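The values are calculated or read from the model by the stated rules, or taken from the named source; none is laboratory data. The structure displayed is predicted, hence computed values, not measured ones. Don't worry about glycine lacking a Cβ; one is built from the backbone with ideal geometry, like all the others, and counts go over all protein chains shown.
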Amino acid sequence: MSVRINPSILAADFASLGAELERISSADAVHVDVMDNHFVPNLTFGLPVVERILEVTRLPLDMHLMITDVDRWAPVFAELGVFSVTFHAEATTDPVSLARRLRGIGARAGLAIKPGTPVEPYLDMLGEFDQLLVMTVEPGFGGQSFMPETMPKLLAAREAAKRAELDIWLQVDGGINEQTIEVAARAGADTFVAGSSVFGANDAAGQIDLLRQRASSHSHVA
């Protein structure tokens with residue numbers, strides 16, 4: 001199973017974003033958290049910032065939309081040419097239709113669920129998505145502690161994907177460090193969002209390598 005490390009620029013130095021992106025050039029993608037101060041109590045990046053990030057990095061952009069009006073805005077972000085757009089199940093009444101729109105534009109489609117949202121209603125539709133993001137903290141702010149009680153959802157999703165022979169990435173986001181990445185990998189995650197752990201390190205590239213090694217050595221056997 002391939003392991004992917006996607007550092008979250010929510011933990012980067014916004015005044016030196018170009019240099020910060022250079023620090024993580026060995027990552028698999030850049031995780032970009034878009035928040036609207038409605039769906040979550042924080043406000044972050046909009047379209048102009050995302051457009052500029054696309055211009056200054058060769059890394060794929062892994063968008064995570066923590067916004068209310070995803071049916072309107074998710075396709076707009078996809079049309080920028082980003083690699084992946086993940087939206088929250090709690091923010092749309094028809095996640096399958098939205099995922100199909102994103103795929104039609106050319107972006108990978110991801111579905112995210114909050115810690116308190118059960119995964120079972122979405123297991124039968126996993127084939128409509130390229131990625132399932134199981135939040136391991138309450139979305140809104142970086143630097144929070146990992147919630148191990150979310151791991152059964154990962155296990156359930158991994159087993160459902162295995163039964164249906166799906167090629168879906170299982171992503172975790174929140175509190176990922178050298179210790180918690182092993183827990184999430186054992187539960188079935190293969191794509192890891194790490195913010196403070198990477199950008200808070202003196203050697204971001206070395207930290208990315210360490211996280212990748214820890215995840216690979218504890219990865220779930222599909």
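Per-structure values
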read-out	value
Given (1) surrounded by 14 or more Cβ atoms within 10 Å (Cβ to Cβ); (2) under 24 Å from residue 36 (Cβ atoms); (3) over 16 Å from the mean Cα position of the chain (by Cα), index of the condition residue 156 fails	(2)
Count - residues of the stretch 1-10 that are buried (at least 20 other Cβ atoms within 10 Å of the Cβ) and not β-branched (Val, Ile, Thr)	4
Enumeration of residues in the stretch 87-141 that are small (Gly, Ala, Ser) and under 20 Å from residue 40 (Cα atoms)	89, 91, 110, 112, 116, 140
Any hit, the stretch 25-35, residues being hydrophobic (A, V, I, L, M, F, W, C), in contact (Cβ under 8 Å) with a residue 60 or more places away in the chain, closer than 30 Å to residue 165 by Cβ and surrounded by 13 or more Cβ atoms within 10 Å (Cβ to Cβ)	yes
Positions within the stretch 65-102 being touching an Asp or Glu at 6+ places or on another chain (Cβ under 9 Å), surrounded by fewer than 16 Cβ atoms within 10 Å (Cβ to Cβ), free of Cβ contacts under 8 Å to residues at least 24 places away in the same chain and not acidic (Asp, Glu), in sequence order	93, 97
Only one of 41, 7 that is in contact with a Phe, Trp or Tyr (Cβ under 9 Å, 6 or more places away or on another chain), closer than 28 Å to residue 156 by Cα and not aliphatic (A, V, I, L, M)	7
The stretch 4-57, subset of a type in the set (Val, Ile, Thr) and in contact with an Asp or Glu (Cβ under 6 Å, 6 or more places away or on another chain), residue modelled with the lowest pLDDT	44
Residue ID - farthest from the chain's Cα centre (by Cα), chosen from residues in the stretch 165-199 that are acidic (Asp, Glu), within 18 Å of residue 110 (Cβ to Cβ) and surrounded by fewer than 24 Cβ atoms within 10 Å (Cβ to Cβ)	167
Count of the stretch 28-42 residues which are over 16 Å from the mean Cα position of the chain (by Cα) and either small (Gly, Ala, Ser) or not in a loop (DSSP other than H, G, I, E, B) (or both)	1
